[in-house]
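Undergrad: Quick one: structure below, then a few questions.
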Amino acid sequence: MNFSSGNLLAARKRNGEPAEESERPSWVRDALAAERKVGWLEGKPIVPNPDGSDDGLRIGDDPTEAYSHVPTGEELLRPGAGSFLSKLRDRVDSLAEAAEETKADTETIRRSCRLHGVEPPEPNDEVDSDGADDGSEAFIRLPDGERVSTAILDSEEPYLDKLPLAIALSAGMGVGEYATWASREADRPITEHHVRDACRAANLLEGSGDSPGGRQGVAREHEVATAGEAEYDSEPW
Amino acid sequence: MTELRTVDRRLSNGDVLEIGPVKASGVEQPRGGGLRLAAVHDASAPEEYAVLTVRFPADDAEALDVPPEAQVLAVTTGTGAARPQAWVLMPMSAYETEGPDK
């Protein structure tokens with residue numbers, strides 16, 4: 001977790017636009033890269049494409065080409081699909097997952113395994129962390145890969161807290177890119193509109209409510225102006 | 001020495017069938033799908049086959065997408081707008097010498 005005031009000011013000047021790729025740390029590219037995910041066209045294919053066409057796939061890109069090597073449905077029953085089936089079997093936890101990845105049904109997967117002499121997929125005994133470290137505290141992954149407890153973040157929507165926003169934008173992520181990344185991380189839609197509003201509230205966008213006195217941020221009704229910065233209806237003396 | 005035996009079986013895509021050289025056969029399309037095969041075969045020389053279906057191409061000018069080792073067993077007509085499909089027997093030996101990925 002490392003960001004400077006200089007980077008934050010530069011981010012404000014960009015007003016939500018992404019920085020040039022050459023100006024961004026490599027973790028931004030990694031954060032925006034599509035992940036391998038079970039399910040037809042859900043992300044990168046679980047079994048890598050041997051021609052490497054899934055290497056540079058980003059979140060939101062059309063993954064169709066990346067799946068060109070995946071036999072689907074009854075194609076799995078044919079000779080030639082055994083090598084793929086064997087690799088798939090090692091990467092999924094069940095017949096159902098194998099079926100999801102190949103647009104097939106579980107019976108076709110079962111028959112394909114039998115024809116190709118491949119052991120059917122079995123459940124993985126490892127327990128997913130699912131964002132919780134020890135079951136008593138929830139964590140989210142920040143854009144730079146670090147994990148942080150949600151206890152210190154905005155309780156309503158941790159991905160709209162100023163901390164992950166500041167990290168992302170100061171590193172050169174755009175508002176739209178952040179929305180795409182956060183939606184994938186949260187597994188629920190987080191719109192660019194919401195991200196932009198949250199960035200304004202955190203004074204991460206240009207014109208986010210600067211005042212002549214230098215007070216930054218959008219004032220909320222309950223906020224109290226500090227001495228030297230308040231404006232009064234009439235002179236107090 | 002020839003040993004004639006019979007097969008009377010409902011087949012589905014992906015089934016494995018052990019059968020010898022077929023002397024005579026009949027097929028029908030049962031309700032609920034699949035293919036019913038009734039055959040007399042020489043059981044003294046059985047081989048294992050995978051039963052596969054191959055949908056007819058949209059254009060008769062296109063070649064049927066059938067692996068070279070496959071033998072066409074039967075053709076069933078489709079229902080409604082579905083195209084007919086060919087039922088083929090693929091020697092299981094073709095699965096033992098898998099080619100590269102698709």
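Undergrad: P(r) tail for segment B:1-55, what percent of Cα pairs lie past 12 Å?
TA: On the way: 971 of 1485 pairs.
In whole percent, the share of Cα-Cα pairs in segment B:1-55 beyond 12 Å is 65.
Undergrad: Let me cross-check residue B:8: its accessible surface, 1.4 Å probe, with only protein heavy atoms counted, in Å² to the nearest 10?
TA: 100 Å²
Undergrad: Just tell me how shielded A:69-81 is by partners: mean number of partner chain Cβ atoms within 10 Å of each residue's Cβ, no decimals.
TA: 5
Undergrad: Over chain B, what is the relative contact order in whole percent, taking alpha-carbon pairs under 8 Å and six or more residues apart?
TA: Values: 196 pairs, mean separation 25.6, N = 102.
Relative contact order, chain B: 25 percent.
Undergrad: Suppose all protein chains stay in the model; what accessible area per residue would a 1.4 Å probe give for segment A:5-56, in Å²?
TA: Dividing the accessible area of segment A:5-56 by its residue count gives 56 Å².
Undergrad: Roughly speaking, to the nearest percent, how much of chain B's 1.4 Å accessible area is carbon and sulfur?
TA: Details: 2940 of 6050 Å².
Answer for chain B: carbon and sulfur cover 49 percent of the accessible area.
Undergrad: Could you give the size of the charge dipole of chain B about its Cα centre, using +1 on the Cβ of each K and R and -1 on the Cβ of each D and E, expressed in debye and rounded to the nearest 20?
TA: That gives a dipole near 560 debye.
Undergrad: Additional query: With every protein chain left in place, what is the accessible area of residue A:147 in Å² (1.4 Å probe, nearest 10)?
TA: Using a 1.4 Å probe on the heavy atoms, I get roughly 110 Å².
Undergrad: Taking 4 °C and 1.567 mPa s as the conditions, I'd like the Stokes-Einstein D for segment A:1-58 in µm²/s, using the Kirkwood hydrodynamic radius from alpha carbon pairs.
TA: My calculation gives 94 µm²/s for D.
Undergrad: Amide H neighbours of residue B:23 under 5 Å, at least 5 residues apart or on other chains, H built in the peptide plane: list them.
TA: Amide H neighbours of residue B:23: B:40, B:41, B:42.
Undergrad: Please list the non-local residues whose amide H lies under 5 Å from the amide H of residue A:58, H modeled 1.01 Å from N, same-chain partners needing a gap of 5 or more.
TA: For residue A:58, whose amide H was placed from the backbone, the distant partners under 5 Å are A:34.
Undergrad: Direction-averaged shadow area of the convex hull around the Cα atoms of segment A:1-129, nm²?
TA: 10.2 nm²
Undergrad: Also, I was wondering about something else. List the pair-distance distribution P(r) of segment B:36-100, using every Cα-Cα distance, as the percent of pairs falling in each 10 Å bin from 0 up to the bin containing the longest distance, rounded to whole percents.
TA: With 10 Å bins starting at 0, P(r) equals 18, 43, 29, 9, 0.
Undergrad: Bin width 10 Å, alpha-carbon pairs only: give the P(r) of segment A:61-201 as whole percents, running from 0 to the bin holding the largest distance.
TA: For segment A:61-201, the pair-distance distribution reads 11, 29, 20, 24, 14, 2.
Undergrad: So what J values fall out for segment B:29-46 if you push phi through Karplus, 6.51 cos²θ - 1.76 cosθ + 1.60 with θ = phi - 60°, rounded to Hz, Gly and Pro as x?
TA: Karplus-based 3J(HN,Hα) across segment B:29-46 equals 9, x, 4, x, x, x, 9, 9, 10, 10, 8, 10, 9, 8, 6, 6, 9, x Hz.
Undergrad: Now for a separate question. So who's got an amide H within less than 5 Å of the one on residue A:80, skipping anything under 5 residues away but keeping other chains? H placed 1.01 Å off N, in plane.
TA: B:99
Undergrad: Given the alpha-carbon gyration tensor of segment A:134-183, what are the semi-axes of its equivalent ellipsoid in whole angstrom, ordered largest first, with each equal to the square root of 5 times an eigenvalue?
TA: 20, 11, 9
Undergrad: Could you give each residue of segment A:86-97 its phi-based ³J(HN,Hα) in whole Hz, using Karplus coefficients 6.51, -1.76, 1.60 with θ = phi - 60°, and x for Gly or Pro?
TA: Running phi through 6.51 cos²θ - 1.76 cosθ + 1.60 with θ = phi - 60° gives 5, 5, 5, 4, 7, 10, 10, 9, 6, 4, 4, 5 Hz.
Undergrad: Using a 1.4 Å probe on protein heavy atoms only, how many Å² of accessible area do B and A hide from each other, summed over both chains and rounded to 100?
TA: Using a 1.4 Å probe on protein heavy atoms, the buried area is about 1600 Å².
The values are calculated or read from the model by the stated rules, or taken from the named source; none is laboratory data. Nothing here was measured: the structure is a model prediction, and the numbers come from that model. Glycine gets a Cβ as well: all are built from the backbone with ideal geometry, and neighbour counts include every protein chain shown. Keep in mind that these areas ignore ligands, DNA and RNA; they rest on the heavy atoms of the full protein, side chains included. Shrake-Rupley method; radii C 1.70, N 1.55, O 1.52, S 1.80 Å.
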